[in-house]
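The values are calculated or read from the model by the stated rules, or taken from the named source; none is laboratory data. Here the structure is a predicted model, which means the values were calculated and not measured. We place every Cβ from the backbone using ideal geometry, glycine too, and count neighbours over all the protein chains shown.
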(Lines give C-alpha, C1' and ligand atoms only; values in the text may rest on other atoms or scores of the structure.)
Protein backbone atom coordinates (compact mmCIF):
# COMPACT_ATOMS: atom_id res chain seq x y z
CA UNK A 1 0.00 0.00 0.00
CA UNK A 2 1.31 3.44 -0.86
CA UNK A 3 2.06 5.94 1.88
CA UNK A 4 -0.97 8.11 1.13
CA UNK A 5 -3.35 5.14 1.19
CA UNK A 6 -1.78 3.77 4.37
CA UNK A 7 -2.11 7.12 6.12
CA UNK A 8 -5.73 7.54 5.03
CA UNK A 9 -6.64 4.01 6.11
CA UNK A 10 -4.91 4.45 9.48
CA UNK A 11 -6.70 7.75 10.06
CA UNK A 12 -10.09 6.28 9.20
CA UNK A 13 -9.49 3.17 11.28
CA UNK A 14 -8.30 5.19 14.26
CA UNK A 15 -11.31 7.51 14.22
CA UNK A 16 -13.74 4.59 13.98
CA UNK A 17 -12.01 2.69 16.79
CA UNK A 18 -12.10 5.79 18.97
CA UNK A 19 -15.80 6.08 18.27
CA UNK A 20 -16.37 2.42 19.16
CA UNK A 21 -14.41 2.89 22.41
CA UNK A 22 -16.68 5.71 23.54
CA UNK A 23 -19.37 5.21 26.25
CA UNK A 24 -21.93 5.05 23.48
CA UNK A 25 -20.75 1.51 22.62
CA UNK A 26 -19.66 0.41 26.12
CA UNK A 27 -22.15 -2.48 26.13
CA UNK A 28 -21.84 -3.30 22.45
CA UNK A 29 -19.48 -5.88 21.05
CA UNK A 30 -18.38 -5.35 17.46
CA UNK A 31 -17.79 -8.56 15.56
CA UNK A 32 -16.10 -6.81 12.66
CA UNK A 33 -12.93 -4.79 12.22
CA UNK A 34 -12.80 -1.02 12.14
CA UNK A 35 -12.85 -0.55 8.40
CA UNK A 36 -14.69 2.00 6.30
CA UNK A 37 -14.92 2.90 2.65
CA UNK A 38 -13.02 5.84 1.22
CA UNK A 39 -16.00 7.95 0.14
CA UNK A 40 -17.14 11.01 2.05
CA UNK A 41 -20.36 12.84 1.13
CA UNK A 42 -19.94 12.56 -2.61
CA UNK A 43 -21.46 15.85 -3.74
CA UNK A 44 -19.49 17.89 -1.22
CA UNK A 45 -16.29 15.97 -1.92
CA UNK A 46 -16.46 16.67 -5.64
CA UNK A 47 -17.57 20.27 -5.23
CA UNK A 48 -14.63 21.01 -2.95
CA UNK A 49 -12.26 19.31 -5.36
CA UNK A 50 -13.59 21.25 -8.35
CA UNK A 51 -13.40 24.55 -6.51
CA UNK A 52 -9.80 23.82 -5.57
CA UNK A 53 -8.98 23.14 -9.22
CA UNK A 54 -10.61 26.39 -10.33
CA UNK A 55 -8.88 28.46 -7.65
CA UNK A 56 -5.51 26.94 -8.56
CA UNK A 57 -6.18 27.58 -12.25
CA UNK A 58 -7.01 31.19 -11.47
CA UNK A 59 -3.78 31.61 -9.52
CA UNK A 60 -1.61 29.94 -12.18
CA UNK A 61 -3.52 31.43 -15.15
CA UNK A 62 -3.94 27.94 -16.60
CA UNK A 63 -7.17 26.35 -17.86
CA UNK A 64 -8.81 23.30 -16.33
CA UNK A 65 -8.94 21.08 -19.39
CA UNK A 66 -11.76 18.59 -19.73
CA UNK A 67 -13.34 16.13 -22.14
CA UNK A 68 -16.92 15.06 -22.57
CA UNK A 69 -18.15 11.69 -21.35
CA UNK A 70 -21.44 10.08 -22.30
CA UNK A 71 -21.10 6.66 -20.66
CA UNK A 72 -19.27 4.94 -17.79
CA UNK A 73 -16.70 3.32 -20.08
CA UNK A 74 -15.56 6.68 -21.43
CA UNK A 75 -15.25 8.30 -18.02
CA UNK A 76 -13.37 5.34 -16.53
CA UNK A 77 -10.84 5.48 -19.37
CA UNK A 78 -10.49 9.25 -18.95
CA UNK A 79 -9.47 8.66 -15.35
CA UNK A 80 -6.44 6.77 -16.68
CA UNK A 81 -5.52 8.69 -19.80
CA UNK A 82 -6.55 12.33 -19.43
CA UNK A 83 -3.43 13.18 -17.39
CA UNK A 84 -1.23 11.48 -19.99
CA UNK A 85 -2.80 13.44 -22.84
CA UNK A 86 -2.62 16.87 -21.29
CA UNK A 87 -0.36 16.92 -18.24
CA UNK A 88 1.40 14.83 -15.67
CA UNK A 89 -0.84 16.33 -12.99
CA UNK A 90 -3.85 14.03 -12.66
CA UNK A 91 -5.63 16.36 -10.24
CA UNK A 92 -6.26 19.05 -12.81
CA UNK A 93 -8.91 17.18 -14.76
CA UNK A 94 -12.68 17.01 -14.75
CA UNK A 95 -15.45 15.38 -16.76
CA UNK A 96 -17.88 17.43 -18.82
CA UNK A 97 -21.42 16.29 -19.61
CA UNK A 98 -22.91 18.15 -22.55
CA UNK A 99 -26.66 18.56 -22.48
CA UNK A 100 -26.85 18.56 -26.27
CA UNK A 101 -24.70 15.45 -26.62
CA UNK A 102 -26.55 13.63 -23.83
CA UNK A 103 -29.96 14.35 -25.33
CA UNK A 104 -28.71 13.33 -28.78
CA UNK A 105 -27.35 9.95 -27.70
CA UNK A 106 -28.89 8.95 -24.40
CA UNK A 107 -32.65 9.26 -23.93
CA UNK A 108 -33.97 6.84 -21.28
CA UNK A 109 -37.24 5.05 -21.83
CA UNK A 110 -38.16 6.80 -25.09
CA UNK A 111 -35.07 5.63 -27.05
CA UNK A 112 -35.45 8.63 -29.34
CA UNK A 113 -32.15 9.86 -30.74
CA UNK A 114 -32.08 13.59 -31.28
CA UNK A 115 -31.67 16.82 -29.30
CA UNK A 116 -34.47 17.48 -26.85
CA UNK A 117 -33.93 20.98 -25.38
CA UNK A 118 -37.06 20.74 -23.23
CA UNK A 119 -36.11 17.55 -21.41
CA UNK A 120 -32.34 17.51 -21.08
CA UNK A 121 -32.01 19.89 -18.09
CA UNK A 122 -34.95 18.17 -16.38
CA UNK A 123 -34.19 14.50 -16.82
CA UNK A 124 -31.65 13.43 -19.44
CA UNK A 125 -28.53 15.13 -18.07
CA UNK A 126 -29.43 14.17 -14.51
CA UNK A 127 -29.73 10.52 -15.53
CA UNK A 128 -26.49 10.61 -17.52
CA UNK A 129 -24.61 12.13 -14.57
CA UNK A 130 -26.15 9.57 -12.21
CA UNK A 131 -24.72 6.74 -14.31
CA UNK A 132 -21.27 8.35 -14.36
CA UNK A 133 -21.30 8.93 -10.60
CA UNK A 134 -22.26 5.31 -9.91
CA UNK A 135 -19.44 4.19 -12.20
CA UNK A 136 -16.95 6.47 -10.45
CA UNK A 137 -17.96 5.13 -7.05
CA UNK A 138 -17.70 1.53 -8.23
CA UNK A 139 -14.18 2.00 -9.59
CA UNK A 140 -13.12 3.89 -6.47
CA UNK A 141 -14.40 1.11 -4.20
CA UNK A 142 -12.61 -1.51 -6.29
CA UNK A 143 -9.35 0.42 -6.20
CA UNK A 144 -9.59 1.07 -2.45
CA UNK A 145 -10.30 -2.59 -1.74
CA UNK A 146 -7.42 -3.68 -3.98
CA UNK A 147 -4.98 -1.41 -2.13
CA UNK A 148 -6.29 -2.54 1.26
CA UNK A 149 -6.28 -6.27 0.38
CA UNK A 150 -2.95 -6.37 -1.48
CA UNK A 151 -0.79 -3.72 0.20
CA UNK A 152 2.52 -4.83 -1.32
CA UNK A 153 1.59 -4.81 -5.00
CA UNK A 154 2.85 -1.24 -5.52
CA UNK A 155 0.18 -0.40 -8.08
CA UNK A 156 -0.16 3.31 -8.96
CA UNK A 157 -3.16 5.25 -7.72
CA UNK A 158 -5.83 6.39 -10.17
CA UNK A 159 -8.14 9.29 -9.38
CA UNK A 160 -11.49 7.94 -10.55
CA UNK A 161 -13.42 10.65 -8.74
CA UNK A 162 -13.04 13.35 -11.37
CA UNK A 163 -15.32 16.34 -10.71
CA UNK A 164 -18.25 16.38 -13.13
CA UNK A 165 -19.32 19.62 -14.77
CA UNK A 166 -22.80 19.07 -16.17
CA UNK A 167 -24.61 21.44 -18.47
CA UNK A 168 -27.89 22.60 -16.95
CA UNK A 169 -29.30 25.18 -19.36
CA UNK A 170 -31.16 27.85 -17.41
CA UNK A 171 -33.12 28.87 -20.49
CA UNK A 172 -35.49 26.02 -19.74
CA UNK A 173 -35.21 25.57 -15.99
CA UNK A 174 -34.91 28.00 -13.08
CA UNK A 175 -31.28 28.33 -12.06
CA UNK A 176 -32.09 30.00 -8.75
CA UNK A 177 -34.44 27.20 -7.69
CA UNK A 178 -31.73 24.60 -8.27
CA UNK A 179 -29.19 26.69 -6.37
CA UNK A 180 -31.50 27.17 -3.39
CA UNK A 181 -32.35 23.47 -3.26
CA UNK A 182 -28.68 22.43 -3.27
CA UNK A 183 -27.25 25.20 -1.11
CA UNK A 184 -29.90 26.17 1.42
CA UNK A 185 -31.82 22.91 1.82
CA UNK A 186 -29.31 20.15 1.05
CA UNK A 187 -26.24 21.98 2.43
CA UNK A 188 -24.16 21.11 -0.61
CA UNK A 189 -21.11 22.99 -1.88
CA UNK A 190 -22.21 22.79 -5.50
CA UNK A 191 -20.58 25.23 -7.92
CA UNK A 192 -22.55 27.23 -10.47
CA UNK A 193 -20.44 28.00 -13.52
CA UNK A 194 -21.39 30.48 -16.22
CA UNK A 195 -20.97 29.15 -19.74
CA UNK A 196 -19.89 31.21 -22.72
CA UNK A 197 -19.71 30.49 -26.42
CA UNK A 198 -17.73 33.64 -27.14
CA UNK A 199 -15.53 31.85 -29.66
CA UNK A 200 -18.52 31.57 -32.01
CA UNK A 201 -20.35 34.77 -31.07
CA UNK A 202 -21.06 37.33 -33.77
CA UNK A 203 -23.18 39.94 -32.01
CA UNK A 204 -23.34 41.28 -28.47
CA UNK A 205 -26.39 42.52 -26.60
CA UNK A 206 -24.47 44.57 -24.04
CA UNK A 207 -21.07 46.20 -23.64
CA UNK A 208 -21.36 46.16 -19.86
CA UNK A 209 -18.35 43.90 -19.26
CA UNK A 210 -15.14 45.95 -19.53
CA UNK A 211 -13.20 42.78 -20.36
CA UNK A 212 -14.80 42.90 -23.81
CA UNK A 213 -14.06 46.50 -24.70
CA UNK A 214 -10.68 46.05 -26.30
CA UNK A 215 -12.25 43.45 -28.63
CA UNK A 216 -15.59 45.07 -29.54
CA UNK A 217 -15.78 45.88 -33.24
CA UNK A 218 -17.75 48.81 -34.55
CA UNK A 219 -17.78 51.16 -37.50
CA UNK A 220 -17.67 54.86 -38.13
CA UNK A 221 -21.16 56.29 -38.45
CA UNK A 222 -19.80 58.69 -41.05
CA UNK A 223 -19.23 55.87 -43.52
CA UNK A 224 -21.42 56.11 -46.62
CA UNK A 225 -24.87 54.49 -46.56
CA UNK A 226 -24.61 53.63 -42.85
CA UNK A 227 -25.20 56.93 -41.11
CA UNK A 228 -26.19 56.03 -37.52
CA UNK A 229 -27.60 52.63 -38.52
CA UNK A 230 -26.11 49.75 -36.53
CA UNK A 231 -26.37 46.16 -37.70
CA UNK A 232 -28.57 45.22 -34.75
CA UNK A 233 -31.06 47.91 -35.80
CA UNK A 234 -31.02 46.70 -39.39
CA UNK A 235 -31.85 43.18 -38.17
CA UNK A 236 -34.80 44.52 -36.17
CA UNK A 237 -36.06 46.52 -39.13
CA UNK A 238 -35.72 43.50 -41.43
CA UNK A 239 -37.59 41.22 -39.02
CA UNK A 240 -40.36 43.78 -38.61
CA UNK A 241 -40.99 43.79 -42.34
CA UNK A 242 -41.03 39.96 -42.38
CA UNK A 243 -37.57 39.09 -43.66
CA UNK A 244 -36.62 35.41 -43.33
CA UNK A 245 -33.34 33.82 -42.31
CA UNK A 246 -31.78 33.58 -45.78
CA UNK A 247 -32.51 37.23 -46.51
CA UNK A 248 -31.08 38.34 -43.15
CA UNK A 249 -27.94 36.25 -43.74
CA UNK A 250 -27.48 37.87 -47.14
CA UNK A 251 -27.97 41.32 -45.57
CA UNK A 252 -25.36 40.42 -42.99
CA UNK A 253 -22.80 39.43 -45.64
CA UNK A 254 -23.44 42.64 -47.56
CA UNK A 255 -23.29 44.81 -44.43
CA UNK A 256 -20.04 43.24 -43.21
CA UNK A 257 -18.35 43.77 -46.57
CA UNK A 258 -19.57 47.34 -46.95
CA UNK A 259 -18.31 48.71 -43.62
CA UNK A 260 -14.88 48.81 -42.03
CA UNK A 261 -15.01 47.23 -38.59
CA UNK A 262 -12.49 48.51 -36.04
CA UNK A 263 -12.08 48.60 -32.29
CA UNK A 264 -12.28 51.86 -30.41
CA UNK A 265 -8.51 51.90 -29.91
CA UNK A 266 -7.44 50.06 -33.03
CA UNK A 267 -4.52 51.72 -34.74
CA UNK A 268 -5.03 52.51 -38.40
CA UNK A 269 -2.75 54.60 -40.59
CA UNK A 270 -4.53 57.85 -41.36
CA UNK A 271 -2.82 60.57 -43.41
CA UNK A 272 0.65 59.14 -42.87
CA UNK A 273 2.65 57.54 -40.05
CA UNK A 274 2.72 60.72 -37.99
CA UNK A 275 -1.04 60.35 -37.38
CA UNK A 276 -1.23 56.64 -36.68
CA UNK A 277 -4.25 56.36 -34.44
CA UNK A 278 -7.69 54.81 -34.74
CA UNK A 279 -10.45 56.35 -36.80
CA UNK A 280 -12.79 56.23 -33.82
CA UNK A 281 -10.39 58.12 -31.57
CA UNK A 282 -9.40 60.50 -34.39
CA UNK A 283 -13.02 61.43 -34.90
CA UNK A 284 -13.48 61.95 -31.17
CA UNK A 285 -10.35 64.11 -31.06
CA UNK A 286 -11.64 66.27 -33.88
CA UNK A 287 -15.18 66.51 -32.55
CA UNK A 288 -14.08 67.62 -29.09
CA UNK A 289 -11.05 69.66 -30.25
CA UNK A 290 -8.49 67.46 -28.49
CA UNK A 291 -4.91 67.76 -29.77
CA UNK A 292 -3.81 64.63 -31.61
CA UNK A 293 -0.55 64.77 -29.66
CA UNK A 294 -2.45 63.40 -26.65
CA UNK A 295 -3.15 60.09 -28.39
CA UNK A 296 0.07 58.43 -27.20
CA UNK A 297 -0.71 59.38 -23.61
CA UNK A 298 -4.26 58.11 -24.06
CA UNK A 299 -3.09 54.73 -25.37
CA UNK A 300 -0.60 54.40 -22.52
CA UNK A 301 -3.29 54.99 -19.89
CA UNK A 302 -5.72 52.61 -21.59
CA UNK A 303 -3.15 49.80 -21.78
CA UNK A 304 -2.23 50.35 -18.14
CA UNK A 305 -5.88 49.81 -17.19
CA UNK A 306 -6.63 46.52 -18.89
CA UNK A 307 -10.30 46.36 -17.88
CA UNK A 308 -11.17 49.96 -18.65
CA UNK A 309 -14.75 50.50 -19.77
CA UNK A 310 -15.43 52.75 -22.77
CA UNK A 311 -16.86 55.32 -20.37
CA UNK A 312 -13.48 55.36 -18.65
CA UNK A 313 -11.73 55.70 -21.99
CA UNK A 314 -13.84 58.74 -22.80
CA UNK A 315 -13.16 60.15 -19.35
CA UNK A 316 -9.41 60.14 -20.03
CA UNK A 317 -10.08 62.41 -23.01
CA UNK A 318 -12.65 64.52 -21.12
CA UNK A 319 -15.32 63.38 -23.57
CA UNK A 320 -18.88 63.26 -22.21
CA UNK A 321 -20.58 59.82 -22.35
CA UNK A 322 -22.87 58.95 -25.25
**OP:** Evaluate the following for residue 107: is it assigned by TED's automatic domain parsing to the domain that holds residue 57 and either loosely packed, with under 13 Cβ neighbours inside 10 Å or at pLDDT 80 or above (or both)?
**Re:** no
Examine the range 138-149 for a residue that is in a loop (DSSP other than H, G, I, E, B), touching a helix residue (DSSP H, G or I) at 6+ places or on another chain (Cβ under 9 Å) and at pLDDT 70 or above, and state whether such a residue exists. no
| message | Looking at the range 119-127, can you tell me whether even one residue there is modelled with pLDDT of 80 or more, surrounded by fewer than 14 Cβ atoms within 10 Å (Cβ to Cβ) and part of a helix (DSSP H, G or I)? | response | no
**Asked** What about residue 216, is it crowded, with 16+ Cβ neighbours inside 10 Å, modelled with pLDDT of 65 or more and assigned to a loop (DSSP other than H, G, I, E, B)?
**Response** no
If we keep only residues of the range 150-184 that are part of a helix (DSSP H, G or I) and surrounded by 12 or more Cβ atoms within 10 Å (Cβ to Cβ), then the residue modelled with the lowest pLDDT is 175
Within the range 7-39, residues under 17 Å from residue 158 (Cα atoms) and either modelled with pLDDT under 75 or assigned to a loop (DSSP other than H, G, I, E, B) (or both) come out as 37, 38, 39
